[in-house]
Amino acid sequence: MIEIKNIYKSFDKLKVLTGASIKVEPHQVVVVLGPSGSGKTTMLRCINFLERADSGELTVGDMTVDFAKVKKKEIHEIRKKVGFVFQNYNLFANKTALQNVMHGLIVVKKMSKEEARKKAEDALAWVRLSDKVDYYPSQLSGGQQQRVGIARAIALEPEIILFDEPTSALDPELIEETLEVMKNVAKRGITMLVVTHELSFAQDIADKVIFMDGGVVIEEGTPDEIFNNPKEERTKQFLSRIIAAKSFDAGK
Amino acid sequence: MFSWKYVADYFPDIISKFPVTLELVLVPFAASFLLGFVIAAARLKKIPVLEQFLTVYVSYVRCTPVITQMFVVYFGLPVFLEKFGIDANGWNPVIFVFAAYSINISAFLSETIRSSILAVPAGQLEAGYAVGMTGFQTMRDIVVPQALKISLPMLGNLFIGLFQATALAYMVNVIDMIGKARNIAVSRGHLLEGYICCAIVFAIISLALELLFGYVNKRLAFGQKDEYGRRQRTEAV
């Protein structure tokens, strides 16, 4: 379970998060939608302290911390409970696909090398990259790199995996393979919090969709409620614009 | 009269001092590497007072010729140590050259290390944190190896530069290869031959070092580039 209450964050004078609250139950897939600048990515980054929120409360599993006075040790503990998949993959450039997955298992989870290797090979097989284990990130396509990123997150068995626009740096054809893997992650019952612009993913997979704008949550509900019966004017506008853009892309 | 015969005659004498040159390179370089790392870390961490002090230190070293630094240390250090009751007058001059070159190279190395660490994308550090590693673990396993790779061409230049700069050590009475050539010139009157010997040794060693650094650079490629800087793609997509 993960819960954020009343999170605030500004960069100098720019207020990015102004009191957003969200909750993700175990085994849930929650998708966050919203225009750029609405604070979705910042909120996600605040959860594992890649960004420091100014105030608010964060609960991950059995740990609750106050953003304003969280200790270094608590940050480290929370990061161990939370997996993160980056928009631009951020694989360790000096390590092969296999080493990328293994490294955290050895250094953080204190596994033996053999155990970690076995686990990493399984995770990579699961994202269908068994033939690429010894490749360095620079030798992999974007879609393959992102799948390694997902394998790296899964192998650590976190309580939740955060996905920060995992497909937005990818070519259209590579988006599909990545979404496919994400769907499999969801099927495994792993708790996921996903920031994305892929409406189809939200529609098919999400248990809950959250629409954010201006640093707060505007509306939340099931995919059906959000896509077919949005209550808020702002949600309707956003969806109609995104759908118009998509159909333009598709040449309709 | 110049004669190749004398070049051949003096060669064994001169090469016998090669270990001196070698230690003039290795000791300061090793010391500078440690010192340079500490300086870079202190400046990157922005430790107050120390950071400002080190900034001045680095720019002093970078703004003055290495030979003045060597004389300042050679003549200045004994005076300084005297104040603490240490008599440095009988010390082997090699020690002053070690100190002077360590100061010099550490400043340049610290800048190389600092800029190379800054050149590693921030996402690499974030990925380490996201995996649950501590800042130290991420630096040690992810950032520093990549920074090392970035800094390698500069490290190679500095190393070869230091190797050649050791030729100044004779000026404070260290008998290295150049010192030996000078002694030969004085005692036997053949000026050029000894220096030709030195030139040959310096050229061969520098070339060998270049090859060595090129090889290490290739080994640290992380699958990225071949020796000509082209991307290696075993398979497109």
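The values are calculated or read from the model by the stated rules, or taken from the named source; none is laboratory data. From a predicted model like this one, the values you see are computed outputs, not experimental measurements. Cβ sites come from the backbone with ideal geometry, for glycine too, and all protein chains shown count toward neighbours.
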Q: Any residue in segment B:171-190 that's not assigned by TED's automatic domain parsing to the domain that holds B:I95 and in a helix (DSSP H, G or I): show its pairings with residues that are hydroxyl-bearing (S, T, Y) and surrounded by fewer than 16 Cβ atoms within 10 Å (Cβ to Cβ) at Cβ separation under 6 Å, as long as the two are six or more apart or on different chains.
A: none
Q. Which number in (1) at pLDDT 95 or above; (2) out of contact with any Ser or Thr (no Cβ under 9 Å at 6 or more places or on another chain); (3) within 13 Å of another protein chain (Cβ to nearest Cβ) marks the one condition that A:I150 misses?
A. (2)
Q. Among the residues of segment B:151-161, is there at least one that is out of contact with any Lys or Arg (no Cβ under 9 Å at 6 or more places or on another chain), within 14 Å of chain A (Cβ to nearest Cβ) and within 30 Å of A:K80 (Cβ to Cβ)?
A. no
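Looking only at residues that are part of a helix (DSSP H, G or I), free of Cβ contacts under 8 Å to residues at least 12 places away in the same chain and not polar (S, T, N, Q) in segment B:61-77, which one is surrounded by the most Cβ atoms within 10 Å (Cβ to Cβ)?
B:G76
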Q. Any residue in segment B:75-83 that is of a type outside the set (A, V, I, L, M, F, W, C), more than 14 Å from chain A (Cβ to nearest Cβ) and in contact with a helix residue (DSSP H, G or I) (Cβ under 7 Å, 6 or more places away or on another chain)?
A. no
Q) Within the bounds of segment A:113-129, is there any residue that is surrounded by fewer than 17 Cβ atoms within 10 Å (Cβ to Cβ), more than 13 Å from the chain's Cα centre (by Cα), free of Cβ contacts under 8 Å to residues at least 60 places away in the same chain and within 12 Å of chain B (Cβ to nearest Cβ)? A) no
Q) Can you name every residue in segment B:137-188 that is within 30 Å of B:R219 (Cβ to Cβ) and among the polar types (S, T, N, Q)? A) B:Q137, B:T138, B:Q146, B:S151, B:N157, B:Q164, B:T166
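May I ask you to list the residues in segment A:46-74 that are within 18 Å of the chain's Cα centre (by Cα) and either facing chain B (nearest Cβ under 9 Å) or in a strand (DSSP E or B) (or both)? Lay out the reasoning, then the answer.
Here is the first cut: in segment A:46-74, the ones within 18 Å of the chain's Cα centre (by Cα) are A:46-53, A:58-61.
Once the filter is applied, which keeps residues that are within 18 Å of the chain's Cα centre (by Cα) and either facing chain B (nearest Cβ under 9 Å) or in a strand (DSSP E or B) (or both), segment A:46-74 yields A:N48, A:F49, A:L50, A:L58, A:T59, A:V60.
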Q: With respect to B:E23, determine if the residue is surrounded by 14 or more Cβ atoms within 10 Å (Cβ to Cβ), more than 22 Å from the chain's Cα centre (by Cα) and either outside any helix (DSSP H, G or I) or not aromatic (F, W, Y) (or both).
A: no
Q) Do you know which residues across segment A:201-252 are of a type in the set (S, T, N, Q) and either over 30 Å from A:G189 (Cβ atoms) or touching a Gly at 6+ places or on another chain (Cβ under 7 Å) (or both)? A) A:Q237, A:S240, A:S247
**Q.** Residues that are acidic (D, E), farther than 17 Å from A:I22 by Cα and surrounded by fewer than 17 Cβ atoms within 10 Å (Cβ to Cβ), drawn from segment A:166-221
**A.** A:D171, A:E173, A:E176, A:E180, A:D204
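This table checks each residue for (1) touching a residue at least 24 places away in the same chain (Cβ under 8 Å); (2) among the charged types (D, E, K, R); (3) within 26 Å of A:I242 (Cβ to Cβ); (4) crowded, with 23+ Cβ neighbours inside 10 Å.
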residue	(1), (2), (3), (4)
A:V32	yes, no, yes, yes
A:A68	no, no, no, no
A:K71	no, yes, no, no
A:V101	yes, no, no, yes
Q | Test set (1) without any contact (Cβ under 8 Å) to a residue 24 or more places away in the chain; (2) under 19 Å from B:I113 (Cβ atoms) - B:I95 fails condition number | A | (2)
Q: Read through the list (1) out of contact with any Asp or Glu (no Cβ under 9 Å at 6 or more places or on another chain); (2) within 8 Å of chain B (Cβ to nearest Cβ); (3) farther than 14 Å from A:I2 by Cβ, then give the number of the only condition that A:F92 fails.
A: (1)
Q.
I'd like to check something: does segment B:173-185 contain any residue that is more than 14 Å from chain A (Cβ to nearest Cβ), in contact with a Pro (Cβ under 7 Å, 6 or more places away or on another chain) and either modelled with pLDDT under 90 or under 27 Å from B:W4 (Cα atoms) (or both)?
A. yes
Q: Within segment B:42-53, identify whether any single residue is at pLDDT below 95, surrounded by fewer than 12 Cβ atoms within 10 Å (Cβ to Cβ) and within 15 Å of the chain's Cα centre (by Cα), and answer yes or no.
A: no
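So that you can scan it fast, the table gives a plain yes or no per residue for (1) surrounded by fewer than 20 Cβ atoms within 10 Å (Cβ to Cβ); (2) assigned to a helix (DSSP H, G or I); (3) on the phi > 0 side of the Ramachandran plot; (4) within 13 Å of the chain's Cα centre (by Cα):
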{"site": "B:F96", "(1), (2), (3), (4)": "no, yes, no, no"}
{"site": "B:Y101", "(1), (2), (3), (4)": "no, yes, no, yes"}
{"site": "B:A107", "(1), (2), (3), (4)": "no, yes, no, yes"}
{"site": "B:A127", "(1), (2), (3), (4)": "no, yes, no, no"}
{"site": "B:M133", "(1), (2), (3), (4)": "no, no, no, no"}
{"site": "B:Q137", "(1), (2), (3), (4)": "yes, yes, no, no"}
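Would you confirm, using the coordinates I've provided, whether A:F238 is aromatic (F, W, Y) and exposed (fewer than 14 other Cβ atoms within 10 Å of the Cβ)? Spell out the reasoning first.
Values: aromatic (F, W, Y): yes; exposed (fewer than 14 other Cβ atoms within 10 Å of the Cβ): no.
Spelling it out, it is not the case that A:F238 is aromatic (F, W, Y) and exposed (fewer than 14 other Cβ atoms within 10 Å of the Cβ).
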(Q) With the requirement that a residue be more than 8 Å from chain A (Cβ to nearest Cβ) and touching a Leu at 6+ places or on another chain (Cβ under 7 Å), what does segment B:117-147 give you? (A) B:I117, B:T138, B:V143
